[in-house]
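The values are calculated or read from the model by the stated rules, or taken from the named source; none is laboratory data. All values derive from a computational prediction rather than experimental measurement. Cβ placement follows ideal geometry from the backbone for every residue including glycine, while neighbour counts extend to all protein chains displayed. Ligands, DNA and RNA are excluded from the accessible area calculation, which covers all protein heavy atoms including side chains. Shrake-Rupley method; radii C 1.70, N 1.55, O 1.52, S 1.80 Å.
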Amino acid sequence: MNNNILIVDDIHPIFIEQAEALGYKCDYQPTIKLEEAMQIIANYAGLVIRSKFNVDKPVMDAAASLRFVCRAGAGMDNIAVAYAAEKNLTLINASEGNMDAVGEHAVGMLLSLMNHFNTADAEIRNGEWKREANRGFELKGKTVGIIGYGFMGKSFAKKLSGFEVDVIAYDKYKTGFSDRYAREVSMEEIVKYSDVLSVHVPLTKETNGMINDELLFHFKKPIFFINTSRGKVAKVRAVLNAIKDGKILGAGLDVLETEKFPALDEQEWFDDLKRSGKVLLTPHVAGWTFDSYRKISEVMAGKLAELRLNAE
C-alpha cells in the first residue's frame, strides 16, 4: 500500500518522526509551489498543508492515490470539504493543538483594549502622560458573549474563568453544551446582554460576513469586539462604523477580510483602520505560538495513528 506523505508547509519535525514510526514515508518539501506539487501529487497517499494553497477540485483530481489530507491548524476553509467527501478522503485538522494559544491571545487583546495598553504605550513614548484618557474598564462583573463554542470558544471561556465574569455562548450547530465555563444561550441573549463579543467560528457560507452593520446595530450595550477566527467573518467597514457610532468601544482583530501586503494597503477601509485608536491589530498569529507549533503536529500525528488503527 502507498504510504507516502507529501508535506508542503513548514511543520514541527515531531510529526515526521511519529508518522514514520507508524510506517509512513514523509517527503518534506516546505518550499514547494503549487505547480510543482501538482506534478507529483499522484504519488502520495497523504498531504499535509497549512495555508500555502487551496486543496480544491483540481488538486484532488490530480491526486489519484490520495487517502487523507492533514491541515496543520484549525480551519478547513482552504480545503474543498464537500468534494473531499465525494472522493472519500479523510480530513484531519488540529484544533486541539492551538486552542490554548487562541484563548490566551483573545484574553490578551481584550485586556489590552479595556485598559488602552497600545495607545497609552504610544503616548508615553511620544512624551504624553494622559492618565484620565487612559482610564480602563475591569472585566469583573461583565458579560462575555461567545459565538461558536468549539475548541477555540471553550478555550477562551476557560481562560476567563478566573476573572469573575458571566460567560454566555451561542452555537448554531450545538445544543446542551453548557459547562462550568459558559452558559448556553440564544443569539438574542448574546445581543441583549453582552459587554464583550468574541467570535470563534469557522469560515463558511453562513458565517461569511456574519458580523455586519445589521447585527452590530442590534446590540443593546456598547461592546468590546474580538475576532480571532477568520477575517471574512467580520466586515471591517461594519466594525469601523460601529466604533464611530459608539456601539463598539474597542476591537481586537487578529484577522482581516484581506490579509498581507500589498493587498491590504489597497483596501478602502485600511487607512481608517490604521487611524483608529480603538483598534488593536495582530497579523493572524492568535493560534501560532512556539508551543502550538509542536502541539499541532502532535495532534495531527495522533489522529493519523487513529486513522491507521481503524483501517487495520
*Options T289, T207, T258; residue that is farther than 21 Å from M152 by Cβ and β-branched (V, I, T)*: T258
*Select from the stretch 251-271 the residues that are in contact with a strand residue (DSSP E or B) (Cβ under 9 Å, 6 or more places away or on another chain) and among the acidic types (D, E) and write down the one among them that is nearest to F137 (Cα to Cα).*
D254
*Does the stretch 103-136 hold any residues that are in contact (Cβ under 8 Å) with a residue 40 or more places away in the chain and within 18 Å of F156 (Cβ to Cβ), and which are they?*
G103, E104, H105, A106, V107, M109, L110, S112, L113, M114
*Considering every residue within the stretch 53-65, establish whether at least one is touching a Lys or Arg at 6+ places or on another chain (Cβ under 8 Å) and part of a helix (DSSP H, G or I).*
yes
*Do the conditions hold for F225, that is, is it among the aromatic types (F, W, Y), open to solvent by less than 10 Å² (accessible area, probe 1.4 Å), under 26 Å from G141 (Cα atoms) and over 16 Å from the mean Cα position of the chain (by Cα)?*
no
*Taking the stretch 1-43 only, how many residues are over 17 Å from D56 (Cβ atoms) and either loosely packed, with under 12 Cβ neighbours inside 10 Å or among the aromatic types (F, W, Y) (or both)?*
8
_Selected residue (only one of A242, A263 is surrounded by fewer than 13 Cβ atoms within 10 Å (Cβ to Cβ), at pLDDT 95 or above and either in contact with a Cys (Cβ under 7 Å, 6 or more places away or on another chain) or farther than 17 Å from T119 by Cβ (or both))_ = A263
*Is it the case that some residue within the stretch 250-260 is closer than 24 Å to I11 by Cα and part of a helix (DSSP H, G or I)?*
no
*Within the stretch 273-283, can one find any residue that is in contact (Cβ under 8 Å) with a residue 40 or more places away in the chain and part of a helix (DSSP H, G or I)?*
no
_Against the definition (among the basic types (K, R), at pLDDT 95 or above and touching a Pro at 6+ places or on another chain (Cβ under 8 Å)), how does R230 come out, yes or no?_
yes
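If we keep just the residues of the stretch 127-143 that are out of contact with any helix residue (DSSP H, G or I) (no Cβ under 6 Å at 6 or more places or on another chain) and within 18 Å of I248 (Cα to Cα), which is least open to solvent (accessible area, probe 1.4 Å)? Before you say what the answer is, go through the steps one by one.
Filtering the stretch 127-143 for residues out of contact with any helix residue (DSSP H, G or I) (no Cβ under 6 Å at 6 or more places or on another chain) gives 127-129, 131-133, 135, 138-142.
The next check asks that each one be within 18 Å of I248 (Cα to Cα); those that pass are 133, 135, 138-139, 142.
Working: A133: 67, R135: 152, E138: 136, L139: 12, K142: 49 Å².
Applying the filter and picking the extreme gives L139.
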*asked:* Any residue that is farther than 27 Å from A101 by Cβ, aromatic (F, W, Y) and buried (at least 19 other Cβ atoms within 10 Å of the Cβ) - is there at least one of those in the stretch 63-85?
replied: no
